[in-house]
Amino acid sequence: MTNASLPSYLSRENVGPWETYLDQVERVAPHLDKPLIPWIETLRRPKRSLIVDVPIKLDSGEVAHFEGYRVHHNLSRGPGKGGIRFHPAVTLSEVMALAAWMTVKNAVVQVPYGGAKGGIRVDPKSLSLAELERLTRRYTSEINILLGPDRDIPAPDVNTNEQVMAWIMDTYSMNQGRTATGVVTGKPLSLGGSLGRRDATGRGVFVTAREAARRLNLPIEGARIAVQGFGNVGEAAARIFAEHGAKVVALQDDTGALHSGGGIDVARARTHRELTGGLKGCAGAEALSAAEFWRVPCDFLIPAAVENQITEANAGAIHAKIVVEGANGPTTPAADLILRERGVMVVPDVLANAGGVTVSYFEWVQDISSFFWSEAEINQRLDRIMTEAFNGIWEVSQARALSLRTAAFVVGCSRVLEARALRGLYP
Ligand code: NAD
(Lines give C-alpha, C1' and ligand atoms only; values in the text may rest on other atoms or scores of the structure.)
Protein backbone atom coordinates (compact mmCIF):
# COMPACT_ATOMS: atom_id res chain seq x y z
CA MET A 1 0.00 0.00 0.00
CA THR A 2 1.33 3.49 -0.78
CA ASN A 3 0.57 6.95 0.48
CA ALA A 4 -1.72 7.41 -2.49
CA SER A 5 -4.14 4.95 -0.87
CA LEU A 6 -4.68 7.23 2.14
CA PRO A 7 -7.71 9.54 2.17
CA SER A 8 -6.47 13.03 1.23
CA TYR A 9 -7.12 14.48 4.71
CA LEU A 10 -4.82 11.85 6.23
CA SER A 11 -1.92 12.75 3.94
CA ARG A 12 -1.57 16.10 5.67
CA GLU A 13 1.00 16.39 8.42
CA ASN A 14 -1.47 18.01 10.80
CA VAL A 15 -3.89 15.07 10.88
CA GLY A 16 -5.51 14.91 14.31
CA PRO A 17 -5.57 11.86 16.61
CA TRP A 18 -9.32 11.31 16.10
CA GLU A 19 -8.82 11.08 12.31
CA THR A 20 -5.92 8.68 12.92
CA TYR A 21 -8.20 6.49 15.04
CA LEU A 22 -11.01 6.57 12.43
CA ASP A 23 -8.50 5.48 9.78
CA GLN A 24 -7.50 2.54 11.99
CA VAL A 25 -11.17 1.53 12.31
CA GLU A 26 -11.58 1.70 8.52
CA ARG A 27 -8.63 -0.64 8.07
CA VAL A 28 -10.02 -3.19 10.51
CA ALA A 29 -13.55 -3.28 9.07
CA PRO A 30 -12.83 -5.72 6.19
CA HIS A 31 -11.33 -8.22 8.63
CA LEU A 32 -14.20 -8.43 11.13
CA ASP A 33 -16.60 -11.37 11.28
CA LYS A 34 -19.82 -10.63 9.41
CA PRO A 35 -22.21 -10.59 12.42
CA LEU A 36 -20.11 -7.82 14.01
CA ILE A 37 -20.17 -5.46 11.00
CA PRO A 38 -23.58 -3.86 11.78
CA TRP A 39 -22.20 -2.69 15.14
CA ILE A 40 -19.05 -1.02 13.83
CA GLU A 41 -20.64 2.45 13.83
CA THR A 42 -20.53 2.33 17.65
CA LEU A 43 -16.72 2.44 17.41
CA ARG A 44 -16.87 5.65 15.36
CA ARG A 45 -18.80 7.57 18.04
CA PRO A 46 -18.02 8.21 21.70
CA LYS A 47 -20.86 7.09 23.97
CA ARG A 48 -20.74 10.40 25.87
CA SER A 49 -18.47 13.45 26.04
CA LEU A 50 -18.53 15.93 28.92
CA ILE A 51 -17.00 19.41 28.59
CA VAL A 52 -16.59 21.27 31.86
CA ASP A 53 -15.55 24.74 32.93
CA VAL A 54 -12.98 24.56 35.73
CA PRO A 55 -12.69 27.91 37.54
CA ILE A 56 -10.05 28.25 40.25
CA LYS A 57 -8.72 31.01 42.46
CA LEU A 58 -5.06 31.68 41.63
CA ASP A 59 -2.59 32.46 44.43
CA SER A 60 -2.80 36.12 43.31
CA GLY A 61 -6.52 36.18 44.21
CA GLU A 62 -7.62 36.34 40.54
CA VAL A 63 -9.98 33.73 39.11
CA ALA A 64 -8.84 31.71 36.07
CA HIS A 65 -10.99 29.40 33.92
CA PHE A 66 -9.77 26.19 32.29
CA GLU A 67 -11.58 23.81 29.95
CA GLY A 68 -11.76 20.16 31.00
CA TYR A 69 -13.12 16.99 29.38
CA ARG A 70 -14.09 13.45 30.27
CA VAL A 71 -15.11 11.10 27.47
CA HIS A 72 -16.65 7.62 27.69
CA HIS A 73 -15.95 6.09 24.32
CA ASN A 74 -17.48 2.64 24.79
CA LEU A 75 -18.69 0.86 27.95
CA SER A 76 -19.80 -2.44 26.40
CA ARG A 77 -17.18 -4.49 28.29
CA GLY A 78 -17.28 -2.70 31.67
CA PRO A 79 -16.86 0.62 33.46
CA GLY A 80 -14.82 3.38 31.84
CA LYS A 81 -11.07 3.34 32.37
CA GLY A 82 -8.43 5.76 31.15
CA GLY A 83 -6.05 8.45 32.27
CA ILE A 84 -6.28 12.18 32.85
CA ARG A 85 -3.92 14.52 31.00
CA PHE A 86 -2.96 18.10 31.93
CA HIS A 87 -1.46 19.76 28.83
CA PRO A 88 -1.87 23.07 26.97
CA ALA A 89 -2.70 21.22 23.71
CA VAL A 90 -5.57 19.09 25.10
CA THR A 91 -8.73 19.26 22.97
CA LEU A 92 -12.02 17.38 22.96
CA SER A 93 -11.10 15.47 19.78
CA GLU A 94 -7.75 14.44 21.26
CA VAL A 95 -9.49 13.13 24.40
CA MET A 96 -12.03 11.30 22.16
CA ALA A 97 -9.19 9.53 20.38
CA LEU A 98 -7.38 8.67 23.60
CA ALA A 99 -10.65 7.27 25.04
CA ALA A 100 -11.23 5.20 21.89
CA TRP A 101 -7.72 3.74 22.05
CA MET A 102 -8.48 2.76 25.67
CA THR A 103 -11.56 0.85 24.44
CA VAL A 104 -9.41 -1.19 22.06
CA LYS A 105 -6.48 -1.55 24.49
CA ASN A 106 -8.62 -2.82 27.37
CA ALA A 107 -10.05 -5.48 25.07
CA VAL A 108 -6.58 -6.41 23.72
CA VAL A 109 -5.36 -7.30 27.23
CA GLN A 110 -8.82 -8.51 28.30
CA VAL A 111 -9.26 -6.30 31.36
CA PRO A 112 -13.00 -5.85 32.06
CA TYR A 113 -13.26 -2.16 31.21
CA GLY A 114 -14.61 0.17 28.58
CA GLY A 115 -12.61 3.08 27.19
CA ALA A 116 -12.50 6.52 28.81
CA LYS A 117 -10.11 9.46 29.01
CA GLY A 118 -10.01 12.94 30.45
CA GLY A 119 -7.95 16.07 30.35
CA ILE A 120 -7.65 19.77 31.12
CA ARG A 121 -6.21 22.31 28.69
CA VAL A 122 -3.61 23.81 31.01
CA ASP A 123 0.13 24.20 31.31
CA PRO A 124 0.59 22.68 34.77
CA LYS A 125 4.14 24.07 34.96
CA SER A 126 2.60 27.56 35.14
CA LEU A 127 0.65 26.72 38.34
CA SER A 128 1.80 26.48 41.96
CA LEU A 129 1.21 23.21 43.82
CA ALA A 130 -1.75 24.76 45.67
CA GLU A 131 -3.28 25.97 42.38
CA LEU A 132 -2.77 22.52 40.84
CA GLU A 133 -4.58 20.95 43.80
CA ARG A 134 -7.53 23.36 43.47
CA LEU A 135 -7.66 22.69 39.70
CA THR A 136 -7.67 18.92 40.24
CA ARG A 137 -10.32 19.03 42.96
CA ARG A 138 -12.66 21.34 41.02
CA TYR A 139 -12.26 19.25 37.84
CA THR A 140 -13.01 16.08 39.85
CA SER A 141 -16.17 17.70 41.25
CA GLU A 142 -17.24 18.77 37.75
CA ILE A 143 -16.86 15.28 36.28
CA ASN A 144 -18.14 13.61 39.47
CA ILE A 145 -21.42 12.70 37.73
CA LEU A 146 -19.45 10.18 35.64
CA LEU A 147 -17.04 8.78 38.25
CA GLY A 148 -17.20 5.76 40.55
CA PRO A 149 -15.37 2.47 41.15
CA ASP A 150 -18.00 0.66 39.06
CA ARG A 151 -18.64 3.54 36.63
CA ASP A 152 -15.43 5.29 35.59
CA ILE A 153 -11.94 4.90 37.09
CA PRO A 154 -9.31 7.50 36.04
CA ALA A 155 -5.52 7.04 36.16
CA PRO A 156 -2.39 9.14 35.45
CA ASP A 157 -1.38 10.32 31.99
CA VAL A 158 0.85 13.12 30.70
CA ASN A 159 1.66 15.59 33.51
CA THR A 160 -0.44 13.86 36.16
CA ASN A 161 0.97 11.62 38.88
CA GLU A 162 0.32 9.81 42.17
CA GLN A 163 -0.31 13.09 44.03
CA VAL A 164 -2.96 14.17 41.50
CA MET A 165 -4.61 10.73 41.84
CA ALA A 166 -4.60 11.13 45.66
CA TRP A 167 -6.46 14.48 45.32
CA ILE A 168 -9.00 12.89 42.94
CA MET A 169 -9.55 9.99 45.33
CA ASP A 170 -9.97 12.37 48.30
CA THR A 171 -12.35 14.73 46.48
CA TYR A 172 -14.55 11.86 45.30
CA SER A 173 -14.47 10.31 48.79
CA MET A 174 -15.44 13.61 50.47
CA ASN A 175 -18.42 13.96 48.11
CA GLN A 176 -19.46 10.37 48.85
CA GLY A 177 -18.98 10.59 52.64
CA ARG A 178 -16.81 7.44 52.61
CA THR A 179 -13.29 6.50 51.60
CA ALA A 180 -13.44 5.06 48.08
CA THR A 181 -9.95 3.96 47.07
CA GLY A 182 -11.16 2.05 44.00
CA VAL A 183 -12.30 5.21 42.15
CA VAL A 184 -8.86 5.90 40.74
CA THR A 185 -5.65 3.96 40.06
CA GLY A 186 -2.00 4.99 40.02
CA LYS A 187 -2.43 6.16 43.64
CA PRO A 188 0.33 6.34 46.26
CA LEU A 189 0.95 2.99 48.00
CA SER A 190 -0.31 4.34 51.33
CA LEU A 191 -3.73 5.06 49.77
CA GLY A 192 -4.35 1.66 48.19
CA GLY A 193 -1.91 1.99 45.31
CA SER A 194 -0.29 -1.09 43.85
CA LEU A 195 3.30 -2.21 43.92
CA GLY A 196 4.66 -2.20 40.37
CA ARG A 197 2.16 0.39 39.01
CA ARG A 198 4.74 3.15 38.63
CA ASP A 199 6.87 1.09 36.22
CA ALA A 200 4.03 -0.94 34.71
CA THR A 201 3.68 0.84 31.36
CA GLY A 202 7.44 0.88 30.77
CA ARG A 203 7.68 -2.76 31.85
CA GLY A 204 4.91 -3.70 29.41
CA VAL A 205 6.76 -1.83 26.64
CA PHE A 206 9.82 -3.94 27.46
CA VAL A 207 7.85 -7.23 27.49
CA THR A 208 6.21 -6.60 24.10
CA ALA A 209 9.56 -5.41 22.66
CA ARG A 210 11.20 -8.60 23.94
CA GLU A 211 8.50 -10.73 22.30
CA ALA A 212 8.79 -8.81 19.01
CA ALA A 213 12.60 -9.14 19.09
CA ARG A 214 12.29 -12.89 19.60
CA ARG A 215 10.45 -13.09 16.24
CA LEU A 216 13.37 -11.28 14.52
CA ASN A 217 16.08 -13.22 16.43
CA LEU A 218 17.26 -9.91 17.82
CA PRO A 219 18.97 -10.20 21.23
CA ILE A 220 18.12 -7.59 23.90
CA GLU A 221 21.64 -7.86 25.33
CA GLY A 222 23.66 -5.17 23.54
CA ALA A 223 20.67 -3.84 21.56
CA ARG A 224 20.63 -0.06 20.94
CA ILE A 225 17.59 1.81 22.28
CA ALA A 226 16.33 5.33 21.50
CA VAL A 227 13.53 6.76 23.65
CA GLN A 228 11.47 9.90 23.08
CA GLY A 229 9.82 11.10 26.31
CA PHE A 230 11.54 10.66 29.65
CA GLY A 231 8.53 10.65 31.98
CA ASN A 232 6.63 7.82 33.61
CA VAL A 233 6.70 5.58 30.52
CA GLY A 234 9.95 6.55 28.80
CA GLU A 235 12.18 6.59 31.88
CA ALA A 236 10.93 3.20 33.11
CA ALA A 237 11.27 1.64 29.64
CA ALA A 238 14.83 2.96 29.24
CA ARG A 239 15.82 1.78 32.73
CA ILE A 240 14.32 -1.71 32.30
CA PHE A 241 15.98 -2.16 28.89
CA ALA A 242 19.32 -1.11 30.44
CA GLU A 243 18.78 -3.58 33.32
CA HIS A 244 18.53 -6.30 30.65
CA GLY A 245 21.85 -5.36 29.04
CA ALA A 246 20.61 -3.01 26.31
CA LYS A 247 22.36 0.30 25.53
CA VAL A 248 20.30 3.49 25.64
CA VAL A 249 21.94 5.46 22.81
CA ALA A 250 19.50 8.39 22.57
CA LEU A 251 16.92 10.14 24.75
CA GLN A 252 14.67 13.10 24.03
CA ASP A 253 12.21 15.14 26.08
CA ASP A 254 10.57 18.54 25.65
CA THR A 255 13.78 20.31 26.77
CA GLY A 256 16.28 18.59 24.44
CA ALA A 257 17.85 15.39 23.12
CA LEU A 258 20.96 13.42 24.11
CA HIS A 259 23.14 10.90 22.30
CA SER A 260 25.91 8.56 23.36
CA GLY A 261 27.14 5.68 21.20
CA GLY A 262 28.51 4.02 24.34
CA GLY A 263 25.18 4.27 26.17
CA ILE A 264 23.56 6.96 28.34
CA ASP A 265 23.53 6.39 32.11
CA VAL A 266 19.75 6.35 32.71
CA ALA A 267 20.06 6.95 36.48
CA ARG A 268 22.26 10.00 35.83
CA ALA A 269 19.76 11.35 33.26
CA ARG A 270 16.96 10.87 35.77
CA THR A 271 18.83 12.73 38.51
CA HIS A 272 19.59 15.54 36.04
CA ARG A 273 15.88 15.74 35.13
CA GLU A 274 14.89 15.84 38.79
CA LEU A 275 17.36 18.67 39.49
CA THR A 276 16.77 20.77 36.36
CA GLY A 277 13.33 19.79 35.07
CA GLY A 278 14.56 18.09 31.87
CA LEU A 279 17.28 16.25 29.96
CA LYS A 280 18.91 19.34 28.45
CA GLY A 281 22.52 19.79 29.54
CA CYS A 282 22.93 16.33 31.07
CA ALA A 283 26.63 15.47 31.32
CA GLY A 284 28.11 12.29 29.81
CA ALA A 285 26.24 12.57 26.48
CA GLU A 286 26.27 14.94 23.52
CA ALA A 287 23.35 17.22 22.67
CA LEU A 288 21.27 16.46 19.56
CA SER A 289 18.71 18.51 17.66
CA ALA A 290 15.11 17.23 17.64
CA ALA A 291 15.50 16.25 13.94
CA GLU A 292 18.78 14.40 14.56
CA PHE A 293 17.17 12.30 17.29
CA TRP A 294 15.01 10.44 14.74
CA ARG A 295 18.03 9.61 12.57
CA VAL A 296 20.05 7.87 15.30
CA PRO A 297 20.73 4.26 14.23
CA CYS A 298 19.12 1.93 16.79
CA ASP A 299 17.46 -1.46 17.14
CA PHE A 300 14.43 -0.27 19.17
CA LEU A 301 12.87 3.18 18.86
CA ILE A 302 10.40 3.93 21.64
CA PRO A 303 8.21 7.01 21.19
CA ALA A 304 6.90 7.66 24.74
CA ALA A 305 5.84 11.33 24.67
CA VAL A 306 2.73 12.52 22.81
CA GLU A 307 0.82 11.99 19.53
CA ASN A 308 2.00 12.65 15.96
CA GLN A 309 5.76 12.46 16.54
CA ILE A 310 6.58 9.98 13.74
CA THR A 311 5.30 11.66 10.59
CA GLU A 312 5.88 11.72 6.83
CA ALA A 313 8.68 14.18 7.56
CA ASN A 314 10.85 11.83 9.64
CA ALA A 315 9.58 8.25 9.03
CA GLY A 316 11.89 7.80 6.03
CA ALA A 317 14.95 8.68 8.13
CA ILE A 318 14.27 6.28 10.99
CA HIS A 319 16.95 3.59 11.29
CA ALA A 320 15.30 1.23 13.79
CA LYS A 321 14.38 -2.44 13.43
CA ILE A 322 11.40 -2.20 15.77
CA VAL A 323 9.28 0.78 16.86
CA VAL A 324 7.52 0.14 20.17
CA GLU A 325 4.77 2.69 20.82
CA GLY A 326 4.96 3.63 24.50
CA ALA A 327 2.92 6.76 23.73
CA ASN A 328 -0.64 6.76 22.43
CA GLY A 329 -0.92 7.65 18.76
CA PRO A 330 2.73 8.64 18.18
CA THR A 331 2.68 7.56 14.51
CA THR A 332 0.53 9.25 11.84
CA PRO A 333 -1.24 6.94 9.34
CA ALA A 334 1.03 8.17 6.52
CA ALA A 335 4.16 7.46 8.59
CA ASP A 336 2.78 4.05 9.54
CA LEU A 337 2.64 3.11 5.85
CA ILE A 338 6.17 4.39 5.24
CA LEU A 339 7.53 2.30 8.13
CA ARG A 340 5.67 -0.77 6.86
CA GLU A 341 7.03 -0.32 3.33
CA ARG A 342 10.54 0.04 4.75
CA GLY A 343 10.20 -3.19 6.76
CA VAL A 344 10.26 -1.58 10.21
CA MET A 345 8.15 -3.61 12.64
CA VAL A 346 5.75 -1.45 14.70
CA VAL A 347 4.37 -2.76 17.99
CA PRO A 348 1.22 -0.60 18.24
CA ASP A 349 0.22 1.52 21.23
CA VAL A 350 -2.94 -0.47 22.03
CA LEU A 351 -0.66 -3.44 22.75
CA ALA A 352 2.73 -1.95 23.68
CA ASN A 353 1.57 0.48 26.38
CA ALA A 354 -1.22 -1.70 27.83
CA GLY A 355 0.96 -2.64 30.84
CA GLY A 356 -0.24 0.49 32.65
CA VAL A 357 -3.92 -0.33 32.47
CA THR A 358 -3.17 -3.98 33.25
CA VAL A 359 -1.57 -3.12 36.59
CA SER A 360 -4.26 -0.45 37.12
CA TYR A 361 -6.70 -3.35 36.87
CA PHE A 362 -4.63 -5.25 39.47
CA GLU A 363 -4.74 -2.16 41.71
CA TRP A 364 -8.55 -1.89 41.39
CA VAL A 365 -8.97 -5.62 42.15
CA GLN A 366 -6.71 -5.27 45.20
CA ASP A 367 -8.64 -2.20 46.43
CA ILE A 368 -12.01 -3.91 46.01
CA SER A 369 -10.87 -7.09 47.76
CA SER A 370 -8.66 -5.23 50.32
CA PHE A 371 -6.02 -7.87 49.71
CA PHE A 372 -2.64 -6.80 48.38
CA TRP A 373 -0.15 -8.74 46.28
CA SER A 374 3.66 -8.80 46.23
CA GLU A 375 5.58 -6.92 43.53
CA ALA A 376 6.98 -10.18 42.16
CA GLU A 377 3.42 -11.52 41.79
CA ILE A 378 2.31 -8.35 39.98
CA ASN A 379 5.28 -8.31 37.60
CA GLN A 380 4.81 -12.01 36.82
CA ARG A 381 1.09 -11.62 36.07
CA LEU A 382 1.82 -8.51 33.97
CA ASP A 383 4.46 -10.37 31.97
CA ARG A 384 2.08 -13.28 31.35
CA ILE A 385 -0.82 -11.07 30.20
CA MET A 386 1.36 -8.95 27.91
CA THR A 387 3.10 -12.00 26.44
CA GLU A 388 -0.22 -13.76 25.77
CA ALA A 389 -1.66 -10.61 24.20
CA PHE A 390 1.40 -10.27 21.96
CA ASN A 391 1.26 -13.95 20.94
CA GLY A 392 -2.45 -13.75 20.02
CA ILE A 393 -1.94 -10.63 17.91
CA TRP A 394 1.19 -12.04 16.29
CA GLU A 395 -0.74 -15.15 15.20
CA VAL A 396 -3.52 -13.06 13.65
CA SER A 397 -0.98 -10.86 11.86
CA GLN A 398 0.82 -13.89 10.45
CA ALA A 399 -2.30 -15.83 9.50
CA ARG A 400 -3.94 -12.88 7.71
CA ALA A 401 -0.83 -11.00 6.52
CA LEU A 402 -1.74 -7.89 8.53
CA SER A 403 0.40 -5.31 10.30
CA LEU A 404 0.56 -5.78 14.07
CA ARG A 405 -1.58 -2.64 14.42
CA THR A 406 -4.40 -3.91 12.23
CA ALA A 407 -4.15 -7.35 13.87
CA ALA A 408 -4.40 -5.72 17.33
CA PHE A 409 -7.47 -3.79 16.15
CA VAL A 410 -9.01 -6.99 14.75
CA VAL A 411 -8.55 -8.73 18.12
CA GLY A 412 -9.59 -5.75 20.28
CA CYS A 413 -12.49 -4.45 18.18
CA SER A 414 -13.91 -7.98 17.74
CA ARG A 415 -14.08 -8.41 21.52
CA VAL A 416 -15.75 -5.02 21.97
CA LEU A 417 -18.27 -5.59 19.18
CA GLU A 418 -19.05 -9.11 20.36
CA ALA A 419 -19.96 -7.69 23.79
CA ARG A 420 -21.98 -4.94 22.08
CA ALA A 421 -23.87 -7.43 19.90
CA LEU A 422 -24.63 -9.75 22.83
CA ARG A 423 -26.00 -6.87 24.91
CA GLY A 424 -28.16 -5.67 22.02
CA LEU A 425 -29.77 -2.29 21.64
CA TYR A 426 -31.70 -0.69 24.53
CA PRO A 427 -34.68 -0.18 24.55
P1 NAD B 1 4.80 12.11 31.50
O2 NAD B 1 4.15 13.42 31.68
O3 NAD B 1 5.27 11.36 32.69
O4 NAD B 1 6.07 12.26 30.51
C5 NAD B 1 5.95 12.81 29.22
C6 NAD B 1 7.35 12.98 28.64
O7 NAD B 1 7.25 13.37 27.28
C8 NAD B 1 8.19 14.05 29.33
O9 NAD B 1 9.54 13.62 29.40
C10 NAD B 1 8.07 15.24 28.37
O11 NAD B 1 9.18 16.12 28.46
C12 NAD B 1 8.04 14.52 27.05
N13 NAD B 1 7.44 15.31 25.96
C14 NAD B 1 6.24 15.90 25.93
N15 NAD B 1 6.05 16.53 24.75
C16 NAD B 1 7.16 16.29 24.03
C17 NAD B 1 7.58 16.64 22.73
N18 NAD B 1 6.79 17.37 21.92
N19 NAD B 1 8.80 16.23 22.29
C20 NAD B 1 9.61 15.49 23.07
N21 NAD B 1 9.26 15.11 24.33
C22 NAD B 1 8.06 15.51 24.79
O23 NAD B 1 3.79 11.23 30.63
P24 NAD B 1 3.67 9.63 30.55
O25 NAD B 1 2.69 9.20 31.57
O26 NAD B 1 5.03 9.05 30.52
O27 NAD B 1 2.96 9.47 29.14
C28 NAD B 1 3.70 9.45 27.92
C29 NAD B 1 2.85 8.80 26.84
O30 NAD B 1 2.52 7.46 27.24
C31 NAD B 1 1.50 9.46 26.54
O32 NAD B 1 1.18 9.29 25.17
C33 NAD B 1 0.52 8.67 27.38
O34 NAD B 1 -0.80 8.74 26.91
C35 NAD B 1 1.10 7.28 27.21
N36 NAD B 1 0.72 6.31 28.25
C37 NAD B 1 0.95 6.57 29.56
C38 NAD B 1 0.60 5.60 30.50
C39 NAD B 1 0.91 5.76 31.97
O40 NAD B 1 0.71 4.78 32.72
N41 NAD B 1 1.40 6.87 32.43
C42 NAD B 1 -0.03 4.40 30.09
C43 NAD B 1 -0.24 4.18 28.73
C44 NAD B 1 0.14 5.14 27.81
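Quick notes
- Note on the chain: with charges restricted to the Cβ of Lys and Arg (+1) and Asp and Glu (-1), its dipole about the Cα centre is near 780 debye.
- Fully extended contour minus Cα-Cα distance, from SER60 to GLU395, at 0.36 nm per residue: 114.7 nm
- Gain on full stretching of the segment that runs from THR255 to ARG45 - 0.36 nm per residue minus C-alpha separation: 72.0 nm
- Net charge of neighbours whose Cβ lies under 12 Å from the Cβ of GLU162, counting Lys and Arg as +1 and Asp and Glu as -1: +2
- Given in Å, the Rg to one decimal and the Dmax to the nearest whole number for the Cα atoms of the chain are 20.6, 64.
- Taking a sphere under 13 Å around the Cβ of GLY329 and counting the other residues whose Cβ falls inside, with K and R at +1 and D and E at -1, yields a net charge of -4.
- For the pair GLU286 and GLU375, the difference between a 0.36 nm per residue extended length and the Cα-Cα distance amounts to 28.4 nm.
- Expressed to the nearest 5 percent, the antiparallel share of DSSP beta bridges inside the stretch 54-182 is 50 percent.
- In the chain, lysine pairs closer than 18 Å at Cα, eight or more apart or cross-chain: 11
- Protein accessible area in the chain, 1.4 Å probe - carbon and sulfur %: 52
- The alpha-carbon positions of the stretch 200-349 define a convex hull whose volume is 90 Å³ per residue.
- Its DSSP H runs of at least 4 residues, each contributing -39,500 (n - 2.57), put the calculated 222 nm mean residue ellipticity of the chain at -13500 deg cm²/dmol, to the nearest 500.
- Here the contact order of the chain, divided by its residue count and restricted to Cα pairs under 8 Å and six or more residues apart, works out to 17 percent.
- Net charge, VAL350 excluded, C-beta distance under 11 Å - Lys, Arg +1, Asp, Glu -1: 0
- The stretch 46-178 - percent relative contact order, Cα under 8 Å, separation 6 or more: 29
- Fraction of beta bridges assigned by DSSP in the chain that are antiparallel (%, nearest 5): 50
- Short-range pairs are left out: with C-alpha atoms under 8 Å and at least six residues apart, the relative contact order of the stretch 200-349 is 22 percent.
- Solvent exposure of the chain, expressed per residue, is 40 Å² of accessible area, with all protein chains present and a 1.4 angstrom probe.
The values are calculated or read from the model by the stated rules, or taken from the named source; none is laboratory data. This structure is a prediction, so every number in the text was calculated from the model and none was measured. Cβ sites come from the backbone with ideal geometry, for glycine too, and all protein chains shown count toward neighbours. For the accessible areas, the whole protein counts, side chains as well, though only heavy atoms, and no ligand, DNA or RNA atoms are used. Shrake-Rupley method; radii C 1.70, N 1.55, O 1.52, S 1.80 Å.
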